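What follows is a short report on a single structure.
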Amino acid sequence: MNHFQRKRGQLYCEDVPLAELAEEVGTPAYVYSQATLLRHARVFKSALRGLDFLACFAVKSAPNLALLRLLVAEGYGFDIVSGGELFRATEAGGDARRIVFSGVGKRADEMAAALDAGILQFNCESEEELEQLSRVAVRKKTTAPVALRVNPEVDARTHPYIATALASSKFGVPAARVRKAYRLAASLPGLRVEGVACHIGSQIANTKPFVEAAGKMRELLLILRADGHEILRLDMGGGLGVPYGDGPAPASPKQYGEALVRALEGLPVKILLEPGRLLVANAGVLLSRVLLTKEGHRGRKFVVIDAAMNDLLRPALYEAFHEIEPVGRPRRGAERVDVVGPVCESADVLAKRRRLPPLSSGDLVILRTAGAYGMAMASQYNARPRPAEVLVEGRSWRIIRARETYRDLIRGETT
Ligand code: LLP
């Protein structure tokens, strides 16, 4: 369910015509629907009723301050993976006691900043990280609340680039070494063991891998408690997928919630969750304009738009599918085209062999489901200023990140 719908043939975001937005802010631009984001935020939380839980939004998926602030108001905490994300989370008004710090490598200054802020928990991913965090905490004469991220070795059946709990993955501590790693954590000065964590991957389509991981984590938690560790929290990570329109729809938040509640209820701990994509993906689109059409070898048709892989990397990096639609009333007929950007890379293809209504120069299009890991992964490659971001609420809208300028491109550089 999202608020990018057609009215009298024209695509709107809530009550704002996208064509009007394109005139006002230019293209390419990321456009977010506040109503969609809030709806998802609420659906996710209500799906987990029955558990004592805290939802920590994965900042990496959509780090804009305005979006983070909306989630703060909905009672969300944050899952961060860098000092920069800590800065964003606190700038957005996030409560440090609702922040978990994930990631396979944290610098000492990032650990120190998170200790100063007073975050809820560090999710440590190796023995060496425990030792480093211990040193930083001792130096600061404080105690770091820690959980170990365990690799539960379940196959999330997702794209290999975003599966994180395979035996070959860099993430987490292998299950076989977990008890020993907890003994180490308990013995190190400046650390207080408080939790256990996992995250098995992203864009996961069905509930089975989550249930499998929850079962393994439940067992582990009871073992760790029996070993004498006072585990207060179980962090199950994020990862539930969203429909991109190129296959069967993933499990719904309701099904996910029911499965998790069943697998985890009765455990005497607080459950942490780190959803990212699920909340924001369908709340955002990338709005772009057709520059021209051209014909290639053997009649292959290209539609060149003003958004490119630097603006939305997912198709180039994961061969991800994003639905493309004209903003104006779709012309009659359909043709098979490659939708490409202007970047000088063969990988700069946003849609391959896609059946679309005829498009021509000047037409506006949207790429749907771009709210998560869209702007978040945008770059200035080819010296392309990053897009503007716009937040729509009913009939009104505002720019929540200005389009970058050429000056922004050279900021900090000297000749
Ligand atoms: N927690 C941790 C520790 C994570 O590494 C991630 C995502 C999440 C939570 C949030 O997962 P989500 O609910 O969004 O699936 N750039 C890729 C996705 C990379 C995901 C990285 N980790 C994409 O565009 O598909």
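The values are calculated or read from the model by the stated rules, or taken from the named source; none is laboratory data. As the structure is a computational prediction, the values presented were derived from the model and not from experiment. Every residue, glycine among them, receives a Cβ derived from its backbone with ideal geometry; neighbour counts consider all protein chains shown. These accessible areas exclude ligands, DNA and RNA; they are computed on the full protein's heavy atoms, side chains included. Shrake-Rupley method; radii C 1.70, N 1.55, O 1.52, S 1.80 Å.
Contact annotation: residue pairs with Cβ atoms under 9 Å, 6 or more positions apart or on different chains, pairing a residue in region 157-182 that is without any contact (Cβ under 8 Å) to a residue 60 or more places away in the chain with a partner that is surrounded by fewer than 20 Cβ atoms within 10 Å (Cβ to Cβ) and assigned to a strand (DSSP E or B), are 167/174. Determine whether residue 230 is of a type outside the set (Ser, Thr, Tyr) and more than 16 Å from the ligand (Cβ to nearest atom). Taking the combined requirement at face value, the residue satisfies it.
Restricting 287, 264, 292 to those that are open to solvent by less than 10 Å² (accessible area, probe 1.4 Å), outside the structural domain of residue 214 (by TED's automatic domain parsing) and either touching a residue at least 24 places away in the same chain (Cβ under 8 Å) or touching a Phe, Trp or Tyr at 6+ places or on another chain (Cβ under 7 Å) (or both) reduces the list to 287.
Find the residue count for region 198-244, including only residues that are in a loop (DSSP other than H, G, I, E, B) and at positive phi.
Going through region 198-244, the residues in a loop (DSSP other than H, G, I, E, B) turn out to be 198-200, 202-203, 205-207, 227-232, 236-239, 241-244.
Next, only the ones that are at positive phi stay: 203, 228, 237, 239.
Going through region 198-244 one residue at a time, the tally reaches 4.
What are the pairs, 6+ residues apart or on separate chains, where a residue within region 127-155 that is farther than 17 Å from residue 169 by Cβ has its Cβ under 9 Å from a residue that is of a type in the set (Asp, Glu)? That search, which allows pairs on different chains as well, returns 136/109; 140/116; 142/116; 145/194; 146/194; 147/194; 147/235. Considering the conditions (1) under 27 Å from residue 323 (Cα atoms); (2) within 16 Å of the ligand (Cβ to nearest atom); (3) over 18 Å from the mean Cα position of the chain (by Cα), residue 248 is excluded by exactly one of them, (2). Restricting attention to region 186-214, the residues that are open to solvent by 30 Å² or more (accessible area, probe 1.4 Å) and within 11 Å of the ligand (Cβ to nearest atom) add up to 2. Does residue 351 satisfy being in a strand (DSSP E or B), open to solvent by less than 40 Å² (accessible area, probe 1.4 Å) and not assigned by TED's automatic domain parsing to the domain that holds residue 246? Here the answer is yes, as residue 351 does meet what is asked.
Tallying residues that are within 14 Å of the ligand (Cβ to nearest atom) and either over 25 Å from residue 207 (Cβ atoms) or assigned to a loop (DSSP other than H, G, I, E, B) (or both) within region 130-163 yields 5.
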